[in-house]
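Notes follow once the structure below has been shown.
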Amino acid sequence: MSFNTFGKIFRFTTWGESHGPAIGCVIDGCPPNIPLTEKDIQADMDRRRPGQSKFTTQRKEPDKAIILSGVFEGKTTGTPISIIIYNEDKKSRDYESIKNKFRPGHADYTYFKKYGIRDFRGGGRQSARETASRVAAGAVARVVLKKILGKKFNVIGAVTQLGLMSCDKSNWNNAQIRKNPFFCPDKKSVKLWEKYLLAVRKAGSSCGAIIELRATGIPVGLGAPIYSKLDTDISAALMSINAVKGVNIGSGMNAAFLSGEENSDEIRKKSGKIKFKTNHAGGILGGISSGQDIVASFAVKPTSSILTSRETINKKGKNTNISVKGRHDPCVGIRAVPIGEAMINCVLLDHLLMHKAQCG
């Protein structure tokens, strides 16, 4: 399988399968002499870790990230950073009864047709378990960005839509996101979402979600037109996450409904500083960061593994039915928040290093 590496200067390669002995990543291009410990990585791993509430899969994985190389005496050396995460709660027997059937909505059918073989244990490489490795890489990128850009830099994500339930983004509170199992920025929506998702889970079904990401403290100039625009690479990064079906930058698709006057982000100089009146562009103009907050959002489809019986075919091409039992998220979008943050961090560091290489 090719194309397991993401990035240009700051690059990471992930490896491993859902029910294999371990997963992990190898990071190349990380600047040297950056203070880095496993604790720095673990904080982000814990936010993605499964089994933390009744609203996510009950697979119990500690997701302890172990650094194998690239760090000496607490600092990065500039050499490849290898990180391993052991799989400790595998229940491959859950998939024995459906190993010859293709789960609708999953990549079972396409993987088998492409490669002629597939790991049916939790989907193998196609599983969202792979994203734990991305979060580890993103944590390293975050540490480097903080070191270079300072305290003003921050990336935070939140679930703004849970199935049919939206939240009031005017009540956005960064602190609140860390206090509830939904990564919801609006305290008033939490109880309603809890009731809604419990009903979805009880019905044996699932729902989708929309996640919004906000990056602050971004300098002007990141991005390289025409074929490595910052928003191009952000979109590619977010679309590469399992179950993501759409990405918006700033107003995104909604920009089509605005007039030219409404959509243009007017610019003024005030107290010696450049100010934008609005941010429909999401902090990116012509593929280059404007210095405003970068705002991106992505849509995650409903979890494909559901208890409800669905029509499908087996490996012999015969019609059959399938009901997927086991431990699954009623909404995979919830745990996609730290994954989206990780991918944004990796893109921003990659572009920052490219910018410094060309412009000094």
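Conditions tested, residue by residue: (1) within 24 Å of the chain's Cα centre (by Cα); (2) at pLDDT below 95; (3) within 30 Å of Ile334 (Cβ to Cβ); (4) not in a loop (DSSP other than H, G, I, E, B).
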site	(1), (2), (3), (4)
Val247	yes, no, yes, yes
Ala256	no, no, yes, yes
Arg268	no, no, no, yes
Ala281	yes, no, yes, no
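The single condition from (1) within 19 Å of Ser2 (Cα to Cα); (2) outside any helix (DSSP H, G or I) that Lys114 fails is (2).
Output the residue which, of all residues in the stretch 132-150 that are in a helix (DSSP H, G or I) and out of contact with any strand residue (DSSP E or B) (no Cβ under 9 Å at 6 or more places or on another chain), is least open to solvent (accessible area, probe 1.4 Å). For the stretch 132-150, the residue satisfying everything is Leu149. Looking at the stretch 151-173, can you tell me whether even one residue there is buried (at least 16 other Cβ atoms within 10 Å of the Cβ), out of contact with any strand residue (DSSP E or B) (no Cβ under 8 Å at 6 or more places or on another chain), over 21 Å from Ile41 (Cβ atoms) and touching a residue at least 12 places away in the same chain (Cβ under 8 Å)? Yes, that holds for at least one residue.
Out of the stretch 69-89, which residues are part of a loop (DSSP other than H, G, I, E, B) and touching a Pro at 6+ places or on another chain (Cβ under 9 Å)?
Ser69, Gly70, Gly74, Thr77, Gly78, Thr79, Asn87, Glu88, Asp89
If you filter the stretch 1-23 down to residues that are among the hydroxyl-bearing types (Ser, Thr, Tyr) and part of a strand (DSSP E or B), you find that the one that is least open to solvent (accessible area, probe 1.4 Å) is Thr14. For Ile81, the stated conditions do not hold, so it cannot be described as closer than 30 Å to Val220 by Cβ and touching a helix residue (DSSP H, G or I) at 6+ places or on another chain (Cβ under 6 Å). Selection of first residues in the stretch 305-316 that are closer than 20 Å to Ala128 by Cβ and of second residues that are in a loop (DSSP other than H, G, I, E, B) and of a type in the set (Val, Ile, Thr), restricted to Cβ pairs under 6 Å at least 6 apart or on distinct chains, gives the following pairs, ordered by first then second residue: Ser305/Val324. Suppose we keep only residues that are without any contact (Cβ under 8 Å) to a residue 24 or more places away in the chain and hydroxyl-bearing (Ser, Thr, Tyr) within the stretch 110-150. Which one would you say is farthest from Gln42 (Cα to Cα)? Looking at residues that are without any contact (Cβ under 8 Å) to a residue 24 or more places away in the chain and hydroxyl-bearing (Ser, Thr, Tyr), I get Thr110. Identify, please: which residue in the stretch 283-305 is of a type in the set (S, T, N, Q) and farther than 21 Å from Phe257 by Cβ and is, among those, farthest from the chain's Cα centre (by Cα)? Looking at the filtered set, the residue picked out is Ser290.
Consider Gly122 carefully, then state whether it is modelled with pLDDT of 95 or more, surrounded by 14 or more Cβ atoms within 10 Å (Cβ to Cβ) and in a loop (DSSP other than H, G, I, E, B). No.
Does at least one position in the stretch 205-214 carry a residue that is closer than 22 Å to Asp293 by Cβ, open to solvent by 60 Å² or more (accessible area, probe 1.4 Å) and assigned to a helix (DSSP H, G or I)? No: the stretch 205-214 contains no residue that is closer than 22 Å to Asp293 by Cβ, open to solvent by 60 Å² or more (accessible area, probe 1.4 Å) and assigned to a helix (DSSP H, G or I). Out of the residues in the stretch 234-245 that are part of a loop (DSSP other than H, G, I, E, B) and either free of Cβ contacts under 8 Å to residues at least 40 places away in the same chain or of a type in the set (Gly, Ala, Ser) (or both), state the one that is farthest from Asn4 (Cα to Cα). Only one residue tops the list, namely Ala243.
The values are calculated or read from the model by the stated rules, or taken from the named source; none is laboratory data. These figures come from a predicted structure and were not determined experimentally. As a convention, Cβ positions derive from the backbone with ideal geometry for all residues, glycine included, and neighbour counts pool all protein chains shown. The accessibility values were calculated without ligands, DNA or RNA, using every heavy atom of the protein model including side chains. Shrake-Rupley method; radii C 1.70, N 1.55, O 1.52, S 1.80 Å.
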